[in-house]
Amino acid sequence: MSLRRIGLVARREVRAERGQPDGLVSAVTFVAVLILVESLAVGPLAASRPAVAGALFWIAMAFAAILATSRSFERELEDDALDAVLALPGGRDAIYAGKALALTALIGLVAIVGGALSLLLLSLDVALPGHLVLVTIAGVLGLPPVIVLFVVLALRLRSRGALVPILALPVLVPQLVAATNGTAAAASGDAAGAIAWAGLLVAFALVYSVLGLTIVPAALE
Amino acid sequence: MISTTAKTTSALRARPFLGAASIVALFVALWMALVWSPPDAAMGNVVRILYVHVANAWLAYLAFVIVFLASVAYLWTKRPVFDAVAVASAEIGVLFTGLTLVLGSIWARPTWGVWWSWEPRVVTTAVMFAMYVGYLLLRNLSDDLERRATRAAILGIVLVVDVPIVHLSVTWMNALHQLPSVLRPDLQPTLDPSMLASLIAMTIAFTFLYAYLMTARVDIERRRQARVIEARA
């Protein structure tokens, strides 16, 4: 697996998204609607508590990431482009890392919009903004390695739209708990807690990245 | 391409003996758990649920570790027998994880005062149950033998991460659930000897039952694989 090929796949993904940004648009719209609906359902007063606001944000982010990743692979299948990438020397190995890299950037953009919306709608006071950014970056890093893995496993299967969340969400539970607690810690001024949760999120991202790089090539047909 | 035939293996020949051993061991273990071992000083006779509950949980761990090992073996060798072992073990694991949750809930009502508690061991076990239901779902949505086996093997490897999380959750986090009494890091069980003996007897009986169910289910899966190959030929 070469870094050049990973970069090629990632750049190709970014170009495709720039040309036809339906993954980004649908993920941003989805995260905004979900944050709004969730906040209304639990009540704005309850939703503005740091732990609740964090949980609502990260649940919305997980679903938005699943949506964006699924859309990315659907586009490949619609264009019959996936087979061409797999046929390239090293393509099978590079596609997981390239996709995960590009989708991290895309989900990062979704997090900026969703985070700004949460802060605005719920009038959240954040005691440690720098730590909140750190936790958000770590949380965003933790999503694509898991979600790309499960989207690849469900590729070309019937009912894959339902299957991916069923498979991915239970595995994402530790990341969602860590991201929620880290967000709440940053919002309430617990610097050590925020750093510890961010570290845990980075560790999860590394573990699943290694796992994905090792076994995903076997799953791609 | 997968090529397979349903052969009479030594495992199949052992099935009647495993069935008989399961029945005998279950009777002995039930007698020890219900009659021979004393009631608990604090819980009274409610403690007897735990003999079956813990044996169920052990079987769930064992089944999912076997799924992992069979998945690694399948990816390594591409031999369909390992895929059959993986699906058999996953189905048995899901069944016994479900029973673990139900029995735990029955035990929790008189002990904790609630049917369900959001405490780490219970929640991580429920998550593990959901993960392996997803594993079976993935298998059922895929028609092609080789692709299904490969995808399921990858998932079987990924999901095993949850097994140590379930077991160690009570030591990592503040929990209502009691700490491990038998599989402890210091290898010093904290149970009364008669209770420990009853628990070990029940665990052995359930392990025989697992082996019996495995031989039966693997046989069914091997026959199914053979039928698919024949239909395709």
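The values are calculated or read from the model by the stated rules, or taken from the named source; none is laboratory data. Just so it is clear, the model here is predicted, and its values are computed rather than measured. Virtual Cβ from ideal backbone geometry, glycine too; neighbours counted across all protein chains shown. SASA here: full protein model, heavy atoms, side chains in, ligands and nucleic acids out. Shrake-Rupley method; radii C 1.70, N 1.55, O 1.52, S 1.80 Å.
In order along the range B:26-31, phi translates into HN-Hα couplings of 5, 4, 4, 5, 5, 4 Hz, rounded to whole numbers, per the Karplus curve 6.51 cos²θ - 1.76 cosθ + 1.60 with θ = phi - 60° and x for Gly and Pro. First check a/c for the range B:2-150, with a ≥ b ≥ c the square roots of the eigenvalues of its C-alpha gyration tensor; if it is under 1.5, answer rounded, and if not, answer prolate when a/b is larger than b/c or oblate otherwise. The shape class here is oblate.
Sort out the exposed loop trypsin sites (Lys or Arg not before Pro) in chain B (DSSP loop, at most 16 other Cβ within 10 Å) and tell me the longest stretch that has none. Write down the numbers at each step before the final one.
Values: sites that count: B:Lys7, B:Lys78.
Longest run free of exposed loop sites: B:79-233.
Remark: C-alpha extents of the protein assembly as shown on the principal axes read 70, 61, 37 Å, sorted largest to smallest. Here the accessible area is traced with a 1.4 Å probe on the protein chains. For chain A, carbon and sulfur cover 72 percent of it. Let me cross-check A:Glu78: its accessible surface, 1.4 Å probe, with only protein heavy atoms counted, in Å² to the nearest 10? Rounded to the nearest 10, that gives 120 Å². Spatially, the range B:57-102 and the range B:208-233 are offset by 14 Å when compared through their Cα centroids.
What does the net charge come to around B:Asn140 if you take all other residues with beta carbon closer than 12 Å to its beta carbon, with K and R at +1 and D and E at -1?
So the environment of B:Asn140 carries a net charge of +2.
Count the net charge of all other residues whose Cβ sits under 12 Å from the Cβ of B:Tyr74, scoring Lys and Arg as +1 and Asp and Glu as -1. If you can, show how the numbers build up before the last one.
On the way: positive: B:Lys78, B:Arg79, B:Arg148, B:Arg151; negative: B:Asp83, B:Glu146.
After counting each charged neighbour, the total is +2.
Rolling a 1.4 Å probe over the heavy atoms of the protein chains gives the protein assembly as shown an accessible area of 46 Å² per residue.
Checking every one of the trypsin sites (Lys or Arg not before Pro) in the range A:123-221 against DSSP loop status and a limit of 14 other Cβ atoms within 10 Å picks out A:Arg156, A:Arg158.
Taking Cα atoms only, the orientation of helix B:120-140 departs from the longest principal axis of chain B by about 20 degrees.
Accessible area of B:Met32 (1.4 Å probe, protein heavy atoms only, ligands and nucleic acids ignored): about 30 Å². The heavy atoms of A:Val135 offer some 0 square angstrom of accessible surface to a 1.4 angstrom probe. Computed with a 1.4 angstrom probe on protein heavy atoms, the A-B interface buries about 1900 square angstrom of accessible area in total.
Taking Cα atoms only, the orientation of helix B:162-172 departs from the longest principal axis of chain B by about 20 degrees.
In degrees, nearest 10, range 0 to 90: what is the angle between the Cα axis of helix B:193-232 and the longest Cα principal axis of chain B? Roughly 20 degrees, rounded to the nearest 10. Couplings 3J(HN,Hα) of the range B:12-17, computed from phi: 5, 5, 7, 4, x, 5 Hz, in residue order, whole Hz [Karplus 6.51 cos²θ - 1.76 cosθ + 1.60, θ = phi - 60°; x for Gly and Pro].
When the Cα gyration tensor is reduced to axis lengths a ≥ b ≥ c, the ratio a/c is 1.5 or higher for chain A, and with a/b above b/c it is classed as prolate.
Net charge around A:Lys99, counting only other residues with Cβ within less than 10 Å of its Cβ (Lys, Arg = +1; Asp, Glu = -1)? For residues surrounding A:Lys99, the net value is -1.
Determine the share of the range B:10-232's accessible area contributed by carbon and sulfur atoms, expressed in whole percent, with a 1.4 angstrom probe.
Details: 7510 of 10570 Å².
Within the range B:10-232, the accessible surface is 71 percent carbon and sulfur.
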